[in-house]
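Notes to accompany the following structure.
The values are calculated or read from the model by the stated rules, or taken from the named source; none is laboratory data. Since the structure is predicted, the reported quantities are computational estimates derived from the model, not experimental observations. We place every Cβ from the backbone using ideal geometry, glycine too, and count neighbours over all the protein chains shown.
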Amino acid sequence: MSEASGTEFDLVEACLQGNAAAQRKLYDKYKDAMFTLCYRIAGDFDLAADILQEAFIKVFRGLKGFRRESTLGAWIKTIVIRTAYQAVKKQKMFFEPIENVGENDVVEWGDFLQAEYLEKAINTLPDGYRVVFTMIEIEGYAHKEVAEMLGISVGTSKSQLFYAKKKLREILKNLV
């Protein structure tokens with residue numbers, strides 16, 4: 001077992017023993033990255049803060065079920081994504097009804113993107129586009145994983161990503 005794995009294991013064990021300092025350490029270690037993820041999915045700072053709080057409650061309640069099949073960070077990220085998706089879904093998130101997109105349908109990005117413009121553009125996307133775009137392009141999930149997590153088909157995931165990129169290109173042309 002590597003040193004990082006041992007440290008991670010020790011942190012989990014201390015949290016399970018009710019050690020408040022260990023719980024704070026775990027929260028502090030992941031809160032910034034997970035808040036960013038919440039914000040990217042929700043598109044709203046207040047909602048993202050609520051999602052983060054709810055997700056960490058789930059993390060601490062479910063820590064005894066952490067099977068160490070992945071890293072602790074990946075396990076927490078999955079909980080955060082599912083919690084964020086459910087929160088956005090309660091806000092009446094919807095997936096745009098669109099035709100299937102083929103494997104060769106690709107929207108190319110130019111070299112002109114700046115993070116500030118991209119972040120603004122992502123936040124203006126319809127919920128379904130924003131969630132799928134964030135999970136695939138930012139978080140690196142595969143269409144199959146996104147489909148399973150969100151309860152949609154792989155085709156819907158692909159079409160949402162295609163149209164998200166297309167919409168982003170239109171938005172960015174107006175921002176730049």
- Mind counting the residues in segment 91-144 that are among the polar types (S, T, N, Q), at pLDDT 65 or above and more than 17 Å from Leu168 (Cα to Cα)? 1
- Selection status of Glu69, in a loop (DSSP other than H, G, I, E, B) and either at positive phi or surrounded by fewer than 16 Cβ atoms within 10 Å (Cβ to Cβ) (or both): yes
- Only residues that are under 28 Å from Trp75 (Cα atoms) and modelled with pLDDT of 85 or more: list them for segment 149-164, please. Ile152, Ser153, Val154, Gly155, Thr156, Ser157, Lys158, Ser159, Gln160, Leu161, Phe162, Ala164
- Criterion: closer than 26 Å to Thr156 by Cβ and at pLDDT 85 or above - qualifying residue of Ala49, Ala55: Ala55
- Message: Return the residues of segment 127-152 that are acidic (Asp, Glu) and assigned to a helix (DSSP H, G or I); say none if nothing qualifies.
- Response: Asp127, Glu137, Glu145, Glu148
- Item | Residues located in segment 134-160, provided they are buried (at least 23 other Cβ atoms within 10 Å of the Cβ) and without any contact (Cβ under 8 Å) to a residue 40 or more places away in the chain | Val146, Ser157
- Query: Given Ala33, Ala48, Ala55, Ala21, which one is surrounded by fewer than 16 Cβ atoms within 10 Å (Cβ to Cβ), within 24 Å of Leu150 (Cβ to Cβ) and not assigned by TED's automatic domain parsing to the domain that holds Leu150?
  - Reply: Ala33
